[in-house]
Every structure is written in C-alpha cells, then in structure tokens.
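Before any comments, here is the structure.
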Amino acid sequence: MPTPSMEDYLERIYKLIDEKGYARVSDIAEGLEVHPSSVTKMIQKLDKDEYLIYEKYRGLVLTSKGKKVGKRLVDRHALLEEFLEMIGVQEENIYKDVEGIEHHLSWDSITCIETLVEYFRRDKSRLEELSNIHNELLSGS
C-alpha cells in the first residue's frame, strides 16, 4: 500500500495525465507545492515500487498498477468532496477538509460513505430533508 505522501503524488500524476496527456516534474511540484527535487525523489520511489516508469529527461508513464491506484484516489477525493457538499459543509472548507481526512479513512469507511452518497442520490427528497434538519440545527430551532 502506498503511503499518504505517495498517494498525493499518484493522485496528482493521474489527474495531470488525464487532463494534459502527460505529467512533468514542474507541474507535479507546482500542484503539490513542493520542490522539484522532492518530486524527482518520489518519482524514483514510485518507479521502484512499480507504480510508474520513469526515464530521466523523457518523462513518466503510469503502470497499470499506478493507473488503478491513481484512479481510485481521484475517485475517493471526488466522493469525499460530494459527501461533504451533501452534508452541508461550506464550499470554502471542502477542499481543505478532504485533504485533511482522505488519508485517514479506511477503504471500508470510504465504501460506507459511497453507499450513503448513493442513498441520497437515489431520492433527492432525502437530501432536502437532511438539508432542512441541518438548517434547523444551525438556527437553534
């Protein structure tokens, strides 16, 4: 299993390749707000662990293992954003909160959250009811 730091890199690399078709060290560094030298070290580690293939000056490609994990991480992030939005977390807090919790939840918890999100998706009145309860609690009624 990748470490939380490795997960951040794999998620970022997967997203870059999905959006641009490639992932450069400078783009990864910028997205994660780290030094390019840190990116190079992590890329070498991810290469050693067979998540990607890295050739100096030629770039990198995710292996099937890397693609699978990267997609899973991107999906986890999107799910948690949707979940926090559904339960009424303020928009400006969602990204930071997801970044804070995503590495600390088990995949079992993620699956349970996914089930709950699907429950609300299937019947919008459930979401409206949740929103009404949330608003009542906030107003102190």
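The values are calculated or read from the model by the stated rules, or taken from the named source; none is laboratory data. Treat the numbers as computed from the prediction; the structure is a model and nothing was measured. Backbone-built Cβ (ideal geometry, glycine too); neighbour counts: all protein chains shown. Note: areas computed on protein heavy atoms with side chains; ligands, DNA, RNA excluded. Shrake-Rupley method; radii C 1.70, N 1.55, O 1.52, S 1.80 Å.
Taking the helices alone, the chain has a mean residue ellipticity at 222 nm of -24000 deg cm²/dmol, built from -39,500 (n - 2.57) per DSSP H run of at least 4 residues and averaged over all its residues.
As a fraction of the 1.4 Å probe accessible area of the chain, surface on carbon and sulfur atoms comes out at 51 percent.
Using the 1.4 Å probe convention, the accessible area of the chain works out to 66 Å² per residue with neighbouring protein chains retained.
Label point of residue 50 set 7 angstrom out along Cα-Cβ; within region 1-42, amide nitrogens under 19 Å from it belong to 1-3, 6-7, 10.
Rolling a 1.4 Å probe over the protein heavy atoms leaves residue 35 with an accessible area of roughly 130 Å².
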